[in-house]
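Enquirer: Okay, handing you the structure first.
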Amino acid sequence: MANIVVLGTQWGDEGKGKIIDLIAPSFDVVARSQGGHNAGHTVYIDGKKIVLHLIPSGILRADKLCIIGNGVVINPAAFLDELAALESYGIKISENVAISKKAHLILPYHVLIEKISEKRLGAKKIGTTSRGIGPAYQDKAARLGIRAGDLLNLSVLKEKIEQNVEEKNIYLEHFGEKILNKNRVFDEFAAYAQQLKKYIKDISLLLDDCIKEGKPILFEGAQGTLLDIDHGTYPYVTSSNSTAGGVCTGLGLGPDKIDAVIGITKAYTTRVGAGPFPTEIHGETGRLLMEKGNEYGATTGRPRRCGWFDAMAVAYSCRISGINKIILTKSDVLDVLEEIQVCVGYEYKGEKLRSFPSEIWELAEVKPLFKKVKGWTQPVTGIREYSSLPQAFKDYVKLIEDLIQAEVSIISTGKERKDSILLEKNLAPLMDLDKIKAEI
Ligand code: GDP
Ligand code: IMO
Ligand code: MG
């Protein structure tokens, strides 16, 4: 079977966690290539809520090898806490989790540096998750970073921590932030080294072995296309490549190993944190979507801003990542609306734009062009067959497909695994549907 990338096509929180968990039975390996514990991927199993931040959502299925690639930034304490939480749910962790030697670590100074940076930006702050993600990637690019592989050699680790803490303390002190004790940071990380070393591996090699053994791989995206460091709404983005290109660099494999890229797309749009959002709904309908969709950040608990489906944004995401199939999530949240709006284009200074703009000052001023469509005004959760969906719902799906030039392959109508309609003709070439259906 195929190796497939699944990634968000909007500003994150599209329901990646639910979908990865749903389709994981068809794969042997689930791998993350970017981001860190800024991600919050929620899975509900028989009413029980589990939120994953660093470990791929495939961990909730038996016998899946879950990989954290070199493109991910790892906070060791967060990683260990997550493993402990999973074990408390009865999930066995042993050889089924592996992290790349080349993955960079998040250190305590990264969190403090981010705090200073956000404070100094004032009204222009990014609204980050405050997890130290940006500063950890900054150190990676500056060639100052400390990697998981360094945990395997304590004298190298000590030297790198000392050098970094000494340098960062100058900055921290300058801005009135508490300074760090390099010995204490080293002791803390030396202890993590003991606990983490069994997971630290050559991931590129491990994946290559899996591929040679014919094990299908599911690449799990974090964040979404519009948060990508290059292609997102810069600077209101995260600090990694959340688009398909990031999979190869973030795991150490060639593009020839990827058979398809599937987008996860919410039936409307949400965004946490600051930055332009053309289809944002202010007022009653926005609040309604937030409440019905339970739109609160899975990592920070912040309310998510809500807006109408934006076909300009999703069509752009499909182009950037080579997506021609999407999975449509949270369509049930729209059940209550008599009328739904869909953004079908943007106007800027009286001209219709050809594509999603790259500058935020332009995006902030576009006029979204909306098409109004009739709502289906009936619950869709519980419907198991596409043919049983209300006609207005099918029309909405068709409209989206036409606008973004991609076909819908799964419709998610609720947070549980069973609330999923698999469109077999679109999925069959990519996944083993019998395996998925057997474990819903
Ligand atoms: P992710 O970051 O893309 O994995 O998404 P999050 O977990 O942050 O946010 C998605 C939220 O929507 C979670 O609480 C999911 O349980 C929930 N969810 C996913 N799919 C559906 C759906 O089809 N309907 C509803 N009502 N909730 C969903
Ligand atoms: P998942 O994987 C939604 C947003 C933050 C902020 C910006 C930068 O659950 O979809 P960062 O801490 O990464 O430097 O913050 O990116 N952000 C997310 N928004 N879902 C996420 O992940 C996000 N990860 C980061 O809110 O606007
Ligand atoms: Mg999330």
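Enquirer: Any chance you could count how many residues in segment 328-374 are crowded, with 17+ Cβ neighbours inside 10 Å, in a loop (DSSP other than H, G, I, E, B), away from ligand 3 (no atom under 16 Å from the Cβ) and touching a residue at least 12 places away in the same chain (Cβ under 8 Å)?
Expert: Number of matching residues: 4.
Enquirer: So, in segment 391-440, of the ones that are open to solvent by 50 Å² or more (accessible area, probe 1.4 Å) and within 15 Å of ligand 1 (Cβ to nearest atom), which residue ends up nearest to Leu218 (Cα to Cα)?
Expert: This residue is Ile440.
Enquirer: Can Arg131 be described as in a loop (DSSP other than H, G, I, E, B), open to solvent by 10 Å² or more (accessible area, probe 1.4 Å), closer than 26 Å to Gly58 by Cα and at pLDDT 95 or above? I'd like the intermediate steps shown before the answer.
Expert: Numbers: in a loop (DSSP other than H, G, I, E, B): yes; open to solvent by 10 Å² or more (accessible area, probe 1.4 Å): yes; closer than 26 Å to Gly58 by Cα: yes; at pLDDT 95 or above: yes.
Yes.
Enquirer: Among the candidates Val344, Val314, Val333, which residue alone is at pLDDT 95 or above and closer than 26 Å to Phe219 by Cα? Talk me through it step by step, then tell me what you get.
Expert: On the way: Val344 fails: closer than 26 Å to Phe219 by Cα; Val333 fails: closer than 26 Å to Phe219 by Cα.
Being at pLDDT 95 or above and closer than 26 Å to Phe219 by Cα holds for just one of Val344, Val314, Val333, which is Val314.
Enquirer: Next up: Is segment 346-353 home to any residue that is within 16 Å of ligand 1 (Cβ to nearest atom) and touching a helix residue (DSSP H, G or I) at 6+ places or on another chain (Cβ under 9 Å)? Spell out how you get there, then give the answer.
Expert: To start, the set of residues in segment 346-353 that are within 16 Å of ligand 1 (Cβ to nearest atom) comprises none.
Taking every residue of segment 346-353 in turn, none turns out to be within 16 Å of ligand 1 (Cβ to nearest atom) and touching a helix residue (DSSP H, G or I) at 6+ places or on another chain (Cβ under 9 Å).
Enquirer: Name every residue in segment 138-147 that is free of Cβ contacts under 8 Å to residues at least 12 places away in the same chain and open to solvent by 60 Å² or more (accessible area, probe 1.4 Å), in order of residue number. Before the answer, list the steps.
Expert: Within segment 138-147, the first condition is being free of Cβ contacts under 8 Å to residues at least 12 places away in the same chain, and the residues that meet it are 141-143.
Those that are free of Cβ contacts under 8 Å to residues at least 12 places away in the same chain and open to solvent by 60 Å² or more (accessible area, probe 1.4 Å): Ala141, Arg143.
Enquirer: Another question about this same structure. Has segment 203-211 got any residue that is open to solvent by 10 Å² or more (accessible area, probe 1.4 Å) and in a loop (DSSP other than H, G, I, E, B)?
Expert: no
Enquirer: Hey, does segment 283-292 have a residue that's within 24 Å of Gly36 (Cα to Cα) and among the small types (Gly, Ala, Ser)? Before you say what the answer is, go through the steps one by one.
Expert: Keep residues of segment 283-292 that are within 24 Å of Gly36 (Cα to Cα), which gives none.
Scanning segment 283-292 turns up no residue that is within 24 Å of Gly36 (Cα to Cα) and among the small types (Gly, Ala, Ser).
Enquirer: Right, next: Please work out which residue is surrounded by the most Cβ atoms within 10 Å (Cβ to Cβ), limiting yourself to segment 44-67 and to residues that are within 15 Å of ligand 2 (Cβ to nearest atom) and under 15 Å from Ile436 (Cβ atoms).
Expert: Ser57
Enquirer: Among Lys115, Lys182, which is open to solvent by 40 Å² or more (accessible area, probe 1.4 Å), touching a residue at least 12 places away in the same chain (Cβ under 8 Å), over 19 Å from Arg32 (Cβ atoms) and over 25 Å from the mean Cα position of the chain (by Cα)? Explain how you work it out, then say what you get.
Expert: Values: Lys115 fails: over 25 Å from the mean Cα position of the chain (by Cα).
That would be Lys182, the only listed residue that is open to solvent by 40 Å² or more (accessible area, probe 1.4 Å), touching a residue at least 12 places away in the same chain (Cβ under 8 Å), over 19 Å from Arg32 (Cβ atoms) and over 25 Å from the mean Cα position of the chain (by Cα).
Enquirer: Of (1) outside any helix (DSSP H, G or I); (2) of a type in the set (D, E, K, R); (3) crowded, with 20+ Cβ neighbours inside 10 Å, Asp150 satisfies all except one. Which?
Expert: All conditions are met except number (1).
Enquirer: Can you tell me which residue within segment 1-21, out of those that are buried (at least 24 other Cβ atoms within 10 Å of the Cβ) and assigned to a loop (DSSP other than H, G, I, E, B), is nearest to ligand 2 (Cβ to nearest atom)?
Expert: Applying the filter and picking the extreme gives Gly12.
Enquirer: Just to be sure before I move on: is Asp187 closer than 25 Å to Val29 by Cα and either within 16 Å of ligand 3 (Cβ to nearest atom) or of a type outside the set (S, T, N, Q) (or both) in the structure I sent?
Expert: Details: closer than 25 Å to Val29 by Cα: no; either within 16 Å of ligand 3 (Cβ to nearest atom) or of a type outside the set (S, T, N, Q) (or both): yes.
In short, no.
Enquirer: Quickly run through segment 408-440 and pick out the residues that are farther than 26 Å from Thr42 by Cβ and not in a helix (DSSP H, G or I).
Expert: Of everything in segment 408-440, those that are farther than 26 Å from Thr42 by Cβ and not in a helix (DSSP H, G or I) turn out to be Ala428, Pro429.
Enquirer: Now a separate question. Take the conditions out of contact with any Asp or Glu (no Cβ under 9 Å at 6 or more places or on another chain), open to solvent by 40 Å² or more (accessible area, probe 1.4 Å) and in contact (Cβ under 8 Å) with a residue 40 or more places away in the chain and apply them to Asp228. Does it pass?
Expert: No; evaluated as a whole, the condition is false for this residue.
Enquirer: Further question: Of all residues in segment 329-344, which are away from ligand 2 (no atom under 16 Å from the Cβ) and not acidic (Asp, Glu)?
Expert: Restricting attention to segment 329-344, the residues satisfying the condition of being away from ligand 2 (no atom under 16 Å from the Cβ) are 331-344.
Ser331, Val333, Leu334, Val336, Leu337, Ile340, Gln341, Val342, Cys343, Val344 - these are the residues of segment 329-344 that are away from ligand 2 (no atom under 16 Å from the Cβ) and not acidic (Asp, Glu).
Enquirer: I would also like to ask the following. Is it true that Pro235 is within 10 Å of ligand 2 (Cβ to nearest atom) and over 15 Å from Asn38 (Cβ atoms)? Step through it out loud before you land on a result.
Expert: Details: within 10 Å of ligand 2 (Cβ to nearest atom): yes; over 15 Å from Asn38 (Cβ atoms): yes.
In short, yes.
The values are calculated or read from the model by the stated rules, or taken from the named source; none is laboratory data. Not measured: the values here are computed from a predicted model. In this analysis, Cβ positions are derived from the backbone assuming ideal geometry, glycine residues included, and neighbour counts consider all displayed protein chains. Please note that ligands, DNA and RNA were not included when accessible areas were found on the heavy atoms of the full protein model with its side chains. Shrake-Rupley method; radii C 1.70, N 1.55, O 1.52, S 1.80 Å.
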